[in-house]
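Bear in mind these aren't lab numbers, they're just calculated from the coordinates by the rules spelled out. A quick note: this is a predicted structure, and the numbers were derived from the prediction, not measured. No Cβ is skipped: glycine too gets one built from the backbone with ideal geometry, and neighbour counts run over all protein chains shown.
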Amino acid sequence: MKISVTKEQIIEGLVKAAAIIPQKSGAQYLRSIWLKAENSSLFVMATDANIELTGCYPAQVFEPGLVGVQGRAFVDLVRQLPSGDITLRLGEGNSLQLEQGRRVYKLPVSGAEWFQPFSSFPEGDAVIWSGDFLQDILEKVTFCIGDDDSMEAIACLCMKPRENGRIDVCGLNGHQFALVSFTHDELAGRLPEDGILIQKKYLQNMKKWLGTDEIELNITEKRLYLRSMDKTETLALPLSGHKFPDYTVFMNRLSEDGVHPLTVDRRELSESLGRLCIFNTESEPATDMEMGSGEVLLSAKGKDVGSANENLEASYAGDIGRITFPTRNLLEILGHYASEKIDMMLTGVEGPCGIRGAEDPDYTVIIMPMKISSTIYYTEEDV
C-alpha cells in the first residue's frame, strides 16, 4: 500500500474513529484503525465490535492495500503534524511508514488477515433527517436514561411510531422520564411497530458524529445506520432486543381528573433551585414546595449547612399543599426547556409530576417526588 493524502481531509474522520475503538481490549482487530486504499480513495474504518464507523476520503493511490494501525497513536501523530500532504506506505518489517517533508515515522501494523468486513449502508428506502434536530432530541432525552446496562430497556433510548406519522423518542431511569414527539411520515413508516431501542452507551458516539447538516438514515432488523449526505461517512449502531416499558400508563395520568397544575416562571425557579442546592446534603438532597394563593414557598435544609426559604409568584389550582423534589434533578430538567413559564402537573404527593411549557409543546418530562421528611436537626446549643 502506498498513498498520498492531505491532513485536513482525514483528521476529522480519524478523530471520530479513535473515539470508537476501545481503550482496553485484548483483540488486536479492535485496537486498530483500518486503512484501505483503492480507487482514488482512503477508507478509514473503526469498531468496538458493536459500533462501526466508515469514512471515505480522497487520496492519490499509488498501490492499493489494507492495513490496521494502532488507532490512538496514529491519530495523535497525525493531529500534531503540520497541515499539508502526508504519504503512507507499507514498509519492511511489518510497519506503516508515514512521511511528511523531512519527517519519517514507523508504526506497527495488523495484517489484512485480522480484518473483518464492515456492514454497508442499506441503499433502499433511506430517510433524510436533520442532524441538528436529532442532536436536540438526544440532548432532551439522554439525561433521563439509566446508566446501568443490566437494567436492559431502561438503559436505552426508545424511538417508536405513533398514529398519523407521529414519532415518540423517550427514555427513563426509574425516577425520571423524558418524551419528545414530532411528525416525520417517512421515518415513521420505516420504524417497526414496537419501535427501536438504542443503548445509552452508544448515544455519545452518535452525538459526536452528528453535525448540523442533514443526514441519511436507514434501519434494519439489527442496526441503525446514519450516513452523511455526501456519502463519505457512515455510522452503524446496534439495536437492543429488549422491550421498552409501556410509558402511556403514566403519560395518561397527566390528562386524567385529579391533576393539580402549578405554573411558575422557569428562570426564577431555576435560579432559586441553584441557591437552594447550597443547602442540600447527601442525606437531604431535596427542595420542599408549599403551594399557596398566588405563590409557592421553596425551602431546603441540611445538617451543618443551615436552611433556606424563597417565595416565588405562581399560579396554582389544586389541593396538594406540599410536595418535595430532588433539587438537582429538577434543576437539570428545567435547563432543557426554552419556555418562559413551565407547567408542573402534580398528580399526588408521591405521584408522577409532568413538566411542560408553552414554547416546548412537544416535550414532556416526568419526575417522581420524594417522600416528605420531617427530620429535625439539633445544634450543639440544643444538646
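Considering only L96, G146, I333, the residue lying farthest towards the positive end of the dipole of the chain is L96, judged by Cα position with unit charges set on Cβ.
With contacts taken as Cα pairs under 8 Å at a separation of at least 6 residues, the chain carries a relative contact order of 12 percent. Sequentially through the range 41-48, phi angles give Karplus couplings (6.51, -1.76, 1.60; θ = phi - 60°) of 9, 10, 9, 10, 10, 8, 8, 10 Hz, Gly and Pro residues having no value and appearing as x. Which angle between 0 and 90 degrees, to the nearest 10, do you get for helix 266-276 versus the longest principal axis of the chain when only C-alpha atoms count? It is inclined by approximately 80 degrees. Sequentially through the range 83-100, phi angles give Karplus couplings (6.51, -1.76, 1.60; θ = phi - 60°) of 5, x, 6, 10, 10, 10, 9, 7, x, 6, x, 6, 9, 9, 9, 10, 10, 8 Hz, Gly and Pro residues having no value and appearing as x.
Given +1 at the Cβ of Lys and Arg, -1 at the Cβ of Asp and Glu and no other charges, the dipole of the range 262-356 around its Cα centre is 160 debye to the nearest 20. Spacing of the modelled spin labels on R103 and D185, each 7 Å from Cα toward Cβ, amounts to 5.3 nm. Computed from the C-beta positions of A317 and S283, the FRET efficiency with R₀ = 41 Å rounds to 0.75. Full extension of the chain segment joining S95 with L81 gains 3.1 nm, where the gain is 0.36 nm per residue of separation less the Cα-Cα distance. With 24 Å as the limit on Cα-Cα distance, the pairs of K36/K201; K140/K207; K301/K371 that go past it are K36/K201. In the range 1-38, whose amide N lies under 17 Å from the spot 7 Å out along Cα-to-Cβ of T142? List them in ranges. Hits in the range 1-38 for T142 at 17 Å: 16-21. In a DSSP loop and with at most 12 other Cβ atoms within 10 Å, the GluC sites (Glu not before Pro) in the range 212-305 are E221, E256, E282.
Taking R0 as 45 Å, what FRET efficiency do you get between S119 and D265 from their Cβ-Cβ distance, rounded to the nearest 0.05? The calculated FRET efficiency here is 0.35. Here the dipole of the range 31-100 is about 140 debye; that uses its Cα centre as origin and unit charges on the Cβ of Lys and Arg (positive) and Asp and Glu (negative). Whole-Hz Karplus values for the range 160-175 come out as 10, x, 10, 7, 6, x, 7, 10, 9, 10, 8, x, 8, 9, x, 10 Hz, taken residue by residue from phi with 6.51 cos²θ - 1.76 cosθ + 1.60 and θ = phi - 60°; glycine and proline positions read x. The label point for S307 and the one for A73, both projected 7 Å from the Cα toward the Cβ, are 6.3 nm apart. Under the criterion of Cα pairs below 8 Å and six or more residues apart, the relative contact order for the range 249-367 equals 29 percent.
The amide H of V109, built 1.01 Å from its N in the peptide plane, has L96 as neighbours under 5 Å, considering only residues 5 or more places off or on other chains. Placing +1 on the Cβ of every Lys and Arg and -1 on the Cβ of every Asp and Glu, with no other charges, gives the range 315-369 a dipole of roughly 200 debye about its Cα centre.
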